[in-house]
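Enquirer: One structure coming up, written as structure tokens, with questions to follow.
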2 protein chains.
Amino acid sequence: MARPVDPSTGALQPVDDVRLTGGFWGTRQELNSTTLLPHCYAWESRLGWIDNFVNPLAEAGREFADSDVYKMVEGMAWDGSFDDRIEDIASKMAGAQEDDGYLNTRFGHRGRDVRYTDLEWGHELYCYGHMIQAAVARLRTRGEDEFTSVTRRAADHVCDAFGIDGNQGVCGHPVIEMALVELYRATGEERYLEQARLFVERRGRPALADIERGRVYFQDDMPIRDAVAFRGHAVRALYLAGGAVDLAVETGDVELLAAIERQWERTIERRTYITGGMGSRHSAEDFGEDYELPPDRAYSETCAGVASIQLAWRLLLATGDVRYADQIERTLFNVVATSPALDGSGFFYANPLHQRVPGEPPDPDAENMRAASSLRAPWFHVSCCPTNVGRTFASLGAYVATVDDDGVQIHQLAGGTIRTPAVTLRVTTGYPWSGDVTVRVTESSGEPSRISLRVPSWAGEAVLTDRGHRRPVRSGYAVAQAAWSPGDELRLELPMRPRWTHPDPHVDAVRGCVAAERGPLVYCLESTDNPTDLSEVRADPSNGLADAGTSPDLADAITLSANDLTFIPYHTWGNRGLATMRVWVPAI
Amino acid sequence: MARPVDPSTGALQPVDDVRLTGGFWGTRQELNSTTLLPHCYAWESRLGWIDNFVNPLAEAGREFADSDVYKMVEGMAWDGSFDDRIEDIASKMAGAQEDDGYLNTRFGHRGRDVRYTDLEWGHELYCYGHMIQAAVARLRTRGEDEFTSVTRRAADHVCDAFGIDGNQGVCGHPVIEMALVELYRATGEERYLEQARLFVERRGRPALADIERGRVYFQDDMPIRDAVAFRGHAVRALYLAGGAVDLAVETGDVELLAAIERQWERTIERRTYITGGMGSRHSAEDFGEDYELPPDRAYSETCAGVASIQLAWRLLLATGDVRYADQIERTLFNVVATSPALDGSGFFYANPLHQRVPGEPPDPDAENMRAASSLRAPWFHVSCCPTNVGRTFASLGAYVATVDDDGVQIHQLAGGTIRTPAVTLRVTTGYPWSGDVTVRVTESSGEPSRISLRVPSWAGEAVLTDRGHRRPVRSGYAVAQAAWSPGDELRLELPMRPRWTHPDPHVDAVRGCVAAERGPLVYCLESTDNPTDLSEVRADPSNGLADAGTSPDLADAITLSANDLTFIPYHTWGNRGLATMRVWVPAI
């Protein structure tokens, strides 16, 4: 029942009454509720990040620790089964809030740095951004409560302090832009929209001090309208772009929307991994130049994957262009699903496409650095990724379907129930292992309407059986129209034969290599299955790839074989002990 | 007249009476004296790094600014023509030295951090290391003076403070190990050797606190004897290895020497660029894993090139193995010669092998960050590289020749005069543009002795004319023996036909590419000469490369052509305005 984005206008409108049941994503959503979010709560409690609100002088964690409490709360709010914990946190926050609405556990207290004296690195507005996103989740799932009233006071304080005649700064880490637009959407309060506009428009003129990494790091090197691609720190760039889309939609700024669409297209073409991952450099967690996509040093931060999905979803709602839904699928299956361990208790922060050495096992009892091991760590010193996975899994249903005046669009092929004014649909599928997707109408208004089913771009073509009539369909949306009756059924058959993928010849780092894919999944070689040193393997793409059965160790994932090599889905690697791994394999 | 390394034993002994006259290296040594060292002095004066000794509360520059003053002094001492400036600096240092010998402009003063409270990052012992290296240069060129007496007091203080019963720490940035052994060699004072031994042996057990980058960053993750390759921060790793070789030689520790030899061999094979550059990662200026050698993100710091030469020179003296001399040549021509602009007034800090975008012009009037531009910067916020080039150019003669009981070995083919007990030689050559090297005996003791001339490994074979008799010689040392008479002449003819070089197939980042080389020089494509976008070019290695004349804009460098492409020597790129560049070219 999640609706993180609720634009007042656009090509498509979100559908929040989507319930996932079992299958690839339903299972993960369940694991999120039973294991992953409680895991985050346990670590944040143990490390004192929650108690910072009671005793800010403790200074537990990094200067942005508050934001991870808020991201966890957002996940808990969408999940719906953690009310007691949210209420407890809200009460602690209320006690820490200053009279004018200011709330941060690191700044502003006696003996601490003065508020807003380090907008470049202090993350105060970033923390508000995540607080506001959590409050929006709360408003849309439970209504007003202490968490939302604390947040409203904080948001009003931000508008007071950073309004048109106030502090002319912006935050070194964007996110408050998206958050304020959404709070406007959730409350109707126009000052939040105006404040988001000020933050987007001030940026890049410049609004912040220069830093060693340069202003490009936090996208303050030029106004966002003037950029040609996303650049600098990947998460910052993508959150900012998301806020710009929200702003463009709510203010009718077609130029701004077009600018972000152009930047997105260029970024997907030249600065995005086959997995959907973004961010080529460890040095500043940043985008590289065009075609700079090293597999071994891919940063591809989990949070950048989450941010990329949030941005693509906004662009999909605004434009209805299927490319955005395709990219969401690729990123969900190959970045967001990759970060958490299959048991939900460890996480990758970076998601490289080539692990040359196994590394050391992460410390199970302490915060880890961002880490270079082939095994996931339970928690990080900078632990943005676990809570970002948590809030994404909790709100996964939000990204499945939309409606417009003509009917319903199913963008992500996940089993569950989709309830819309015209029809209620029951989707049954073993996707991504099976390519068969059945959509059964269980309720209908009886009015004629369309049901559109995304045929992924990787498929090329597929077969749609519409109430018994088979017909070929191509990538894009397969559309069926009828005055639907309960029991009517659509069946999509996608071709699941595994395939070799050749890289763009401009990408120097993987020249002469091939990758294995099957359906929406990128595959990889893991040393666990392949006796040959992975620095010596070669693949002959003239030999066919074939399904090689399911692996019980990998949640029954389908493995592939070719040339005596065994490929596993990329998102499952690193779950069976220390290993090396590679996605791109040198071709014979 | 430089002798930076003077071992008491080893396969070869250094020859310090080498005068370079004109040619590739003589010209650069002259430029160093007239332009490069004065440029460093002007910047260090202007930025207050020298006056820090008068007013340490000024805190100009970074916490290791003292070290750049010392590296400049070392260069000035080898150069021999900056006595007034050295004396002025020595007098300022004397005023800043504390009663017990402690001397650092950042720590230890009222209102400053307490001495030795941050060995991980404080660089206090690192600064002493460079002070001591400068003092050794002074002792060997002028004898004792105020600079050397200040330094002796500081070195004695270090032994007092960090001796066997003292502070058990080491420096986060090695260099003092090499420096103390050399001070022992220059003074005969054994406590300096013992202190160097303590610093080398304490390291890796561990001796320092853990840091976010891990102890591997400063080689404190394991004892140096146990490593299999150089690892972590490249300059730190190479300076430490140099100190370990010095220690091994002076203490007869054959196991330690063998360990460094093994690590060197593995590092050259798997962690070194075709240019000789080391350091694959920007994130920690560090070595990558085996075969992780991205050309675009090559860090290949200039200082790591200098350090690599210093290490290889020590190994050459200890073992006499020609591989070390070959590697020194490759690194001198393709890393150290690349850093400074042809006019001596700008520097590359990193030396990537692929520049995808031209970047912005560096600020001519301010410190630059380490920079990603295709143009060299006059000075850096962290400005270790210019002074490292300066001291290397000033001491270049030291790396040219050695002697042993049988005679003289000429390792680097540079024009000039080499004076040894047995013979004095006049070397005439247009190398590296010409492959002809003439060695004329101008004085002789009349005793029989050998003259050994290095035939570089890239040559494969060559022709030696020994007093009129031509014979083929192979890579290694071409040896001629005689009771030499003035007027006797050896002439080496090296094959200078340009060649295509294919990469090691394990290096993923340049698979399917070729590089152009000629003699000891690596070549590159610069956009200035090639109208096609360098991301689109292809080379056909079945087509021959040919000399294409000399370029007056590039100090009369010989350019190459093939496939309608123009290649220039890598070390000359970036001297004609903003540009893109690549060494490795995708093969058709």
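Enquirer: Taking square-rooted eigenvalues a ≥ b ≥ c of the alpha carbon gyration tensor, is region A:499-586 rounded, prolate or oblate, where a/c under 1.5 means rounded and, failing that, a/b exceeding b/c means prolate?
Expert: Details: a/c = 1.64, a/b = 1.40, b/c = 1.17.
Verdict is prolate for region A:499-586.
Enquirer: Sticking with this one: Separation of region B:377-405 and region A:465-489 by C-alpha centroid, Å?
Expert: 75 Å
Enquirer: Can you list the residues of region A:183-211 with backbone N under 11 Å from a point 7 Å past the Cα of B:ASP363, pointing along Cα to Cβ?
Expert: A:210-211
Enquirer: What distance in nm separates the two pseudo spin-label positions at B:ARG112 and B:ALA209, each 7 Å out from Cα along the beta-carbon direction?
Expert: Here the answer is 2.0 nm between the modelled labels.
Enquirer: So what's the gap between the Cα centers of region B:335-350 and region A:330-372, to the nearest angstrom?
Expert: Taking the Cα centre of region A:330-372 as reference, the centre of region B:335-350 is 40 Å away.
Enquirer: For B:GLU265, place a label point 7 Å out from Cα along the Cα→Cβ vector, do the same in each other copy, and report the separations in nm, one decimal, smallest first.
Expert: Listed shortest first, these distances are 5.7 nm.
Enquirer: For the pair B:THR35 and B:MET222, how long in nm is the line joining their label points, each one 7 Å along Cα→Cβ?
Expert: Result: 4.6 nm between the two label points.
Enquirer: Let me ask something else about it. Answer with one residue from A:TYR273, A:VAL322, B:VAL585: the one whose Cα lies farthest towards the positive end of the charge dipole of the protein assembly as shown, charges on Cβ with Lys, Arg +1 and Asp, Glu -1.
Expert: Farthest along the dipole direction, towards plus: B:VAL585.
Enquirer: Could you derive backbone 3J(HN,Hα) for region B:417-434 from the dihedral phi with the Karplus parameters 6.51, -1.76 and 1.60 (θ = phi - 60°), listing whole Hz in sequence and x where the residue is Gly or Pro?
Expert: Rounded to whole hertz, the list is 10, 10, 10, 10, x, 7, 9, 10, 10, 10, 9, 10, 6, x, 4, x, 6, 9.
Enquirer: Largest first and to the nearest Å, give the Cα extent of region A:13-399 along each principal axis.
Expert: Reported extents, whole Å, longest axis first: 52, 47, 45.
Enquirer: Can you compute the modelled spin-label distance between B:THR9 and B:GLU87, with each label point 7 Å from Cα toward Cβ, in nm?
Expert: 4.2 nm
Enquirer: While we're looking at this one, here's another question. Residue-wise, which Karplus ³J(HN,Hα) couplings in Hz belong to region B:517-526, taking 6.51 cos²θ - 1.76 cosθ + 1.60, θ = phi - 60°, and x for glycine or proline?
Expert: For region B:517-526, the Karplus curve yields 9, 8, x, x, 9, 7, 9, 8, 9, 10 Hz.
Enquirer: Say R0 is 45 Å: what FRET efficiency, to the nearest 0.05, do B:GLU447 and B:ASP51 get from their beta-carbon distance? Could the numbers behind the result be given before it?
Expert: Numbers: r = 55 Å, r/R0 = 1.21.
Calculated value: 0.25.
Enquirer: Where Lys and Arg each count +1 and Asp and Glu each count -1, what net charge lies around A:TRP78 among other residues with Cβ under 12 Å from its Cβ? Don't jump to the answer; show the numbers that get you there.
Expert: Values: positive: A:ARG3, A:LYS71, A:ARG138, A:ARG140, A:ARG142, A:ARG391; negative: A:ASP16, A:GLU74, A:ASP79.
Neighbour charge sum, excluding A:TRP78 itself: +3.
Enquirer: Same structure again: Treating the beta-carbon of each Lys and Arg as +1 and of each Asp and Glu as -1, no other charges, what is the dipole magnitude of region B:499-586 about its Cα centre, to the nearest 20 debye?
Expert: Details: 6 positive and 12 negative charges, 29 e Å.
Result for region B:499-586 is approximately 140 debye, rounded to the nearest 20.
Enquirer: While we're here: For B:ASP564 and A:ARG262, what does the FRET efficiency come to when R0 = 41 Å and r is the distance between their Cβ atoms, rounded to the nearest 0.05? Please list the in-between numbers first.
Expert: Working: r = 34 Å, r/R0 = 0.82.
That gives a FRET efficiency of 0.75.
Enquirer: Any idea what the B:ASP405 label distances to the other copies are, label 7 Å down the Cα→Cβ vector, nm, shortest first?
Expert: Its label point is 10.1 nm from the equivalent points in the other copies.
Enquirer: Roughly how many whole Å is it from the C-alpha centroid of region B:133-185 to that of region B:236-268?
Expert: Comparing the Cα centres of region B:133-185 and region B:236-268, I get a distance of 20 Å.
Enquirer: Just from the alpha-carbon atoms, what are the Rg and Dmax of the protein assembly as shown in angstroms?
Expert: 32.8, 114
Enquirer: At a Cα cut-off below 23 Å, give the lysines reachable from B:LYS71, other chains included and same-chain residues fewer than 8 away excluded.
Expert: Answer for B:LYS71, where 23 Å is the Cα cut-off: B:LYS92, listed by chain and number.
Enquirer: Per-residue ellipticity at 222 nm for the protein assembly as shown, helices alone: DSSP H runs ≥ 4 residues times -39500 (n - 2.57), over residue total, nearest 500 deg cm²/dmol? Could the numbers behind the result be given before it?
Expert: On the way: 26 runs with 364 residues, N = 1176.
Estimated from H runs of four or more residues: -10000 deg cm²/dmol.
Enquirer: How high is the relative contact order of chain B? Use alpha-carbon pairs under 8 Å, at least six apart in sequence, and give a whole percent. Before the final figure, lay out the partial values.
Expert: On the way: 1314 pairs, mean separation 82.5, N = 588.
Relative contact order for chain B comes out at 14 percent.
Enquirer: How are the Cα pair distances of region A:428-480 distributed, in percent, across 10 Å bins from 0?
Expert: 21, 54, 23, 2
Enquirer: Using a Förster distance of 25 angstrom, determine the FRET efficiency expected from the C-beta separation of B:ALA555 and B:ARG19, and round it to 0.05. Mind dumping the intermediate values first?
Expert: Numbers: r = 21 Å, r/R0 = 0.85.
Rounded to the nearest 0.05, the efficiency is 0.70.
Enquirer: If we hang a label 7 Å off Cα along the beta carbon direction at B:ASP88, how far is it from the matching labels on the other copies, in nm, shortest first?
Expert: Relative to the other copies, B:ASP88 has label-point distances of 6.8 nm.
Enquirer: While we're here: So if I restrict to the alpha-carbon atoms in region A:137-206, what is the Rg, and what is Dmax, the biggest pairwise distance, in Å?
Expert: Rg, Dmax (Cα atoms, Å): 12.4, 40.
Enquirer: Between Rg and the Kirkwood Rh of region A:341-407, both from Cα atoms, what is the Rg to Rh ratio? Let's see the in-between values first.
Expert: Details: Rg = 16.3 Å, Rh = 13.9 Å.
Expressed as Rg/Rh, it is 1.17.
Taken together, the values in this text are just the output of simple stated rules run on the coordinates, not laboratory data. It should be emphasised that the depicted structure is a prediction, and the values quoted were computed from it without experimental measurement. Cβ coordinates were reconstructed from backbone atoms using ideal geometry, including for glycine residues, and neighbour counts include every protein chain displayed.
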